[in-house]
Amino acid sequence: MGVSCITRNTYSILSLQLLLILIITPSSFSFTPTDNVTKETLNKLCSQSILYNRRFCVKWLTAHNRTTSMNIRGLMEFAAEKAQAFGQENLDLMDLFAKISGNDKQFKNACVECVNGYGTAIKELEVAKEFLRNNSFQQAYNAAYNALDYAYVCKDQFEGPSNEPPFVLNRSVKFIEMCHIVRFFTSLFN
């Protein structure tokens, strides 16, 4: 028993229509590095499911009026720069805690691990910025990916019961969120 000619033609027409719709309908997520950043663009970028906290992303990147006066490549560099600065603050704080930790060797060792992790993450963010300046998006993504890996080092040190000040873990999580955003942005043009 065969399929009627009408049924075959109907399926062919439906398949062709679906293909045309997919080709003609522009992707809602098609940007170029030179596109200007608008509030709408930023909302689209920050609303991607890969990012944990859309509200944080938008708030963090719009805290400075510079955001909407740059292109997307500039936004990527700006995000890496801001993450790097926050990571440096965390590094300085953990370095101070390591110095004043007294006889608590466990806390001191955790702080030293944080300093090392933050230091490497900060260096990787600098590498990502350099690659972004040269439009080397794959290499920038690789550096941002490495920065994110090292951003987790400090969080891993203080998960579970410990005697660190509560804001240490919160700052660590915030730095991780920033690195996630940078990593995601650098993946846009791979």
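The values are calculated or read from the model by the stated rules, or taken from the named source; none is laboratory data. Quantities reported herein were computed from a predicted structural model and do not represent experimental measurements. Because the Cβ atoms are built from the backbone with ideal geometry, glycine has one as well, and the counts that use them run over all protein chains shown. Only protein heavy atoms, including side chains, enter the accessible area calculation; ligands, DNA and RNA are left aside. Shrake-Rupley method; radii C 1.70, N 1.55, O 1.52, S 1.80 Å.
Can you spot a residue in region 140-158 that is open to solvent by less than 50 Å² (accessible area, probe 1.4 Å), basic (K, R) and closer than 20 Å to L45 by Cβ? Checked against the condition, which is being open to solvent by less than 50 Å² (accessible area, probe 1.4 Å), basic (K, R) and closer than 20 Å to L45 by Cβ, region 140-158 yields no hits at all. Note on region 146-162: residues that are touching a helix residue (DSSP H, G or I) at 6+ places or on another chain (Cβ under 7 Å) and under 20 Å from A85 (Cβ atoms) amount to 9. With respect to Y118, determine if the residue is closer than 26 Å to C46 by Cβ, out of contact with any Leu (no Cβ under 7 Å at 6 or more places or on another chain) and not charged (D, E, K, R). Spelling it out, it is not the case that Y118 is closer than 26 Å to C46 by Cβ, out of contact with any Leu (no Cβ under 7 Å at 6 or more places or on another chain) and not charged (D, E, K, R).
E164 passes every criterion in (1) over 27 Å from K44 (Cβ atoms); (2) touching a Leu at 6+ places or on another chain (Cβ under 7 Å); (3) among the charged types (D, E, K, R) apart from (2). Note on region 114-126: among residues that are among the aliphatic types (A, V, I, L, M) and surrounded by 24 or more Cβ atoms within 10 Å (Cβ to Cβ), the one that is farthest from A98 (Cα to Cα) is L125. Residues that are loosely packed, with under 14 Cβ neighbours inside 10 Å and among the β-branched types (V, I, T) within region 96-113 comprise just one, I100. When residues in region 163-172 are screened for being at pLDDT 90 or above, open to solvent by 50 Å² or more (accessible area, probe 1.4 Å) and either touching a helix residue (DSSP H, G or I) at 6+ places or on another chain (Cβ under 7 Å) or among the aromatic types (F, W, Y) (or both), 1 of them pass.
Of all residues in region 29-62, those that are open to solvent by 70 Å² or more (accessible area, probe 1.4 Å) and over 16 Å from the mean Cα position of the chain (by Cα) total 5.
Checking each residue in region 127-137 for being under 14 Å from the mean Cα position of the chain (by Cα) and surrounded by fewer than 24 Cβ atoms within 10 Å (Cβ to Cβ) picks out K129, F137. For first residues located in region 159-180 and within 13 Å of C114 (Cβ to Cβ), partners that are among the aliphatic types (A, V, I, L, M) and at pLDDT 90 or above and lie 6+ apart or on another chain with Cβ distances below 6 Å form the pairs F175/A151; I176/A151. Restricting attention to region 67-80, which residues are in contact with a helix residue (DSSP H, G or I) (Cβ under 7 Å, 6 or more places away or on another chain) and surrounded by fewer than 17 Cβ atoms within 10 Å (Cβ to Cβ)? Within region 67-80, T68, M70 qualify.
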